[in-house]
Amino acid sequence: MTDVLVCVKRAPDTGGDVTLTADGQSVDARGLGFTISAHESCAVELAVRIVAEDGGSVTVLILGTDDAVEQLRSALGVGATSAVLIEADDPAAFGPADVAREIAAVVEDGSYDLVLLGNDAADTGDFQVGIRLAHLLGRPVVNGARTVEVTGGTATAKVAGPDGVETYALPLPAVVTVLEGGVEPRYPSITGRMKAKKAKIETVAPRAEPRGSGRVRLTLPPAQPSTVEVLGEGPDAAPAVVDLLQRLGVMR
Amino acid sequence: MILVFVEASDDGTSEVSLETVTFARTLAERIGGPVHAVIVGALPEKVVDELGGYGVAAVHHATGAAFDAFGGAVWATAVQAAAGDADAILAPGTPRGMEVAAHLAARLDVPMAANVTGVVSADGGTLRVVRQVLGGGVLEEMDLPQRPAVLTVAGHAVEARQGEPVAATLQEFSPEVAESDLVARVVSMEPVQELDQAGALTSARVVVGAGRGAGSSNGFGEVSELAELLGGALGVSRVVTSLGWRPHHEQIGQTGSRISPDVYIPCGISGAIQHWAGCASSKTILAINTDENAPMMTKATYAVIGDMHDVVPAINAEIRRRRG
Ligand SMILES: Cc1cc2nc3c(=O)[nH]c(=O)nc-3n(C[C@H](O)[C@H](O)[C@H](O)COP(=O)(O)OP(=O)(O)OC[C@H]3O[C@@H](n4cnc5c(N)ncnc54)[C@H](O)[C@@H]3O)c2cc1C
Ligand SMILES: Nc1ncnc2c1ncn2[C@@H]1O[C@H](COP(=O)(O)O)[C@@H](O)[C@H]1O
């Protein structure tokens, strides 16, 4: 039996060109959908698999506005068993240390054997909430795991290190941050979606005033005027392409 | 003092570590030096001299069995011990650099800025930096009001440049380690083929890319052939791995590999910012796409407008024809 808490973050689903709000404080999300990062989707999938093997529960958690219920329900649709929203009017005011402290409070109130997070959030990319959380809880943490399995009170995590696949063995309770690529997140089933729609979402308030993220403003990298040279259209361009490859010295 | 966590292998100091040291010298001009480096675990022979060439005054080397295998917490113990009352602690924006820096920031209870590309100002104790967010598609100015300032330097955001050479001193030390910091450590390591392939992608001089334009899992024959003809590697977009057309270790981008080849040839890839994050440091980009207005086509150095399934076979045939 393993009780797993998975922390995910609602973020705008940016694809091509990004624009910023007039005050430069955030990405202009008008017209964009919202998502969680691919790392976090994999964390949800790993949690669901652990519990399918071993029994237990998967609770998904977001610190965000009440719009984040959308992402919580998506996670419920693919097998999470309950959901917690730490409801904040201005989640951007919470820096990574603030988020870690708020998650720690939820963990201490509950009885979670394993906390999974993404390696880095899709929007702010701070690369630290999981490690700060582990530090606050006094638990061991593995960073950037592709897979996590639990057997007999031990979590085995595999990380793609610089020289090969590294294995960590952690006594529970523990914290693991997940990188995309070890598992394929499942799509919600129809019954999963139905259940998710009806599931009750527990809402709690933040425990403390945030210290802030240190953000001064966002800017866009200077737009580089296009200097592209079109070599041609269709298959007729092939000789020009091969001339170029020869000039660049990659033809061998 | 500015302390840089440096990663080294038998080939010497890693490129991103040298970039980070270069960045540290720029920072030293603002907040004062000297620049020191700390290495945990094995110290390849030539690294101390190499770092001296980049202006590093002292190399701290943490020795002891506790550091033989990697562990974020235990390696951070070593860096913290070397830091003393450093004004700033820098790490390369690599997975281990990020991990060690985050442990340090958590212990010191100070903010950490990830993927920094520049310094805006250093007035009255607050360091204001610029860093990449959204995989580099957006920049954030961020304040680090506390000391030490903890930050990681984004890979390939600054060029590694040698500095005023100094004879770096080597200072070995064996810090005390708490039992609890040894819990999360690598217990075994197996080199695998898949990683070798991802390694082949990040070190290839030529990368041929393929995205949704490939059409199906059967649409990769021609691009693979082109990669082979050029002695290069195949890389793909996230759409391709999500659809299960190709394995994840071939993915380029924010959540895949970061490549920096001489030539990148993306075919049927639109050039979303998360993809661009992984290929922006390519020297030359030759894009092939049906849509001349796709971001990849306007950002590329060269472009061919057309269906990849027509253009790529024609290129392959032309290469073979010229080779006779
Ligand atoms: C948090 C997050 C992380 C992400 N990480 C990554 C990442 O690491 N890597 C990554 O790649 N993406 C990543 N993405 C996804 C990214 O936003 C894009 O969805 C993805 O890169 C698009 O892939 P694509 O270019 O293959 O497909 P599309 O955007 O659909 O583009 C297909 C292109 O092919 C062209 N085309 C179609 N048919 C042909 C043909 N026959 N011949 C030639 N051209 C043709 C079209 O004109 C179009 O430009 C991430 C997204 C998020 C939210
Ligand atoms: N607001 C949030 N709510 C829940 N989890 C979060 C939040 N922010 C960050 N996290 C988790 O922490 C991970 C790392 O985030 P970061 O350190 O900000 O890059 C994310 O992938 C999430 O799993």
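Spacing of the modelled spin labels on B:Ala42 and B:Thr298, each 7 Å from Cα toward Cβ, amounts to 4.8 nm. In plain terms, the residue of A:Lys9, B:Lys299 with the fewest other Cβ atoms within 10 Å comes first and the most crowded comes last, giving B:Lys299, A:Lys9. Note on B:111-122: average number of Cβ atoms from other chains within 10 Å of each residue's Cβ is 3.
Summing +1 for each Lys or Arg and -1 for each Asp or Glu among the other residues whose beta-carbon sits under 9 angstrom from that of A:Met1 gives -3. Look at the dipole of the protein assembly as shown built from charges on Cβ: of A:Ile50, B:Ser203, B:Thr20, the Cα furthest out on the positive end belongs to A:Ile50. Peptide packing for B:135-141, B:178-184, A:72-78 was compared via the average number of neighbouring C-beta atoms within 10 Å per residue; ordered from the highest value, the list is A:72-78, B:135-141, B:178-184.
Rg over Rh for the protein assembly as shown works out to 0.97, using Cα positions for both radii and the Kirkwood form for Rh. Farthest towards the positive end of the charge dipole of region A:2-204, among the residues A:Gly144, A:Leu76, A:Leu133, is the Cα of A:Leu76, using unit charges on the Cβ of Lys, Arg, Asp and Glu. Site pair B:Thr26 and A:Asp13 shows an inter-label distance of 3.6 nm when each label is modelled 7 Å from Cα along Cα→Cβ. Taking a straight Cα-Cα cut-off under 13 Å and skipping sequence neighbours fewer than 8 places away in the same chain, the aspartates and glutamates within cross-link reach of A:Lys197 are A:Glu70. Here A:Lys198 is the anchor, and the lysines within straight C-alpha reach of less than 22 Å, apart from those fewer than 8 places off in the same chain, are A:Lys9.
With R₀ set to 25 Å, the beta-carbon distance separating B:Ala65 from A:Thr154 gives a calculated FRET efficiency near 0.65. For chain A, adding -39500 (n - 2.57) for each run of n ≥ 4 DSSP H residues and dividing by the number of residues yields -8000 deg cm²/dmol at 222 nm.
Residue farthest toward the positive end of the dipole of the protein assembly as shown, with Cβ of Lys/Arg at +1 and Asp/Glu at -1: which of B:Ala184, B:Ala154, B:Ser217? Value: B:Ser217.
Within 10 Å of the Cβ of each residue in A:154-162, the mean number of Cβ atoms contributed by other protein chains is 4. Ordering of B:52-63, B:9-20, A:238-249 by packing is B:52-63, B:9-20, A:238-249, highest average first (other Cβ atoms within 10 Å, averaged per residue). Overall, chain B carries a charge dipole of about 800 debye about its Cα centre when +1 sits on the Cβ of Lys and Arg and -1 on the Cβ of Asp and Glu, all other atoms neutral. Estimate the FRET efficiency between B:Ala81 and A:Asp236 by the formula 1/(1 + (r/R0)^6), using the beta-carbon distance for r and 51 Å for R0, to the nearest 0.05. FRET efficiency, B:Ala81 to A:Asp236: 0.20. Gyration tensor analysis over the Cα atoms of region B:193-322 returns equivalent ellipsoid semi-axes of 19, 17, 15 Å (largest first, whole Å). Rounded to the nearest 20 debye, the dipole magnitude of region B:100-233 is 320 debye, with +1 charges on Lys and Arg beta carbons, -1 on Asp and Glu beta carbons, and the Cα centre as origin.
The calculated FRET efficiency for the pair A:Ser189 and B:Gln162, based on their C-beta separation and a Förster distance of 45 Å, comes to about 0.15.
Neighbouring Cβ atoms from other chains, within 10 Å of the Cβ of residues in A:57-65, number 0 on average.
Here the 3J(HN,Hα) profile of region A:106-121, calculated from phi with Karplus coefficients 6.51, -1.76 and 1.60 at θ = phi - 60°, is 5, 5, 5, 6, x, 9, 8, 6, 9, 10, 10, 9, x, 5, 7, 6 Hz, Gly and Pro shown as x.
Sorted on the mean count of surrounding Cβ atoms within 10 Å across their residues, most packed first, peptides A:22-33, A:224-235 read A:224-235, A:22-33. Please report Rg over Rh for chain A, where both radii come from the alpha carbon positions and Rh follows the Kirkwood definition. My calculation puts Rg/Rh at 1.07. Dipole check for the protein assembly as shown: with +1 at the C-beta of Lys and Arg, -1 at the C-beta of Asp and Glu, and the Cα centre as origin, the magnitude is about 700 Debye. For a modelled paramagnetic label at B:Thr202, 7 Å from Cα along Cα-to-Cβ, the residues of region B:52-81 in reach, with backbone nitrogen under 18 Å, are B:70-72.
Any read-out appearing in this document is the output of simple, stated calculations on the displayed coordinates, not a laboratory observation. Just so you know, these numbers come straight off a predicted model, no measurement behind them. Cβ coordinates were reconstructed from backbone atoms using ideal geometry, including for glycine residues, and neighbour counts include every protein chain displayed.
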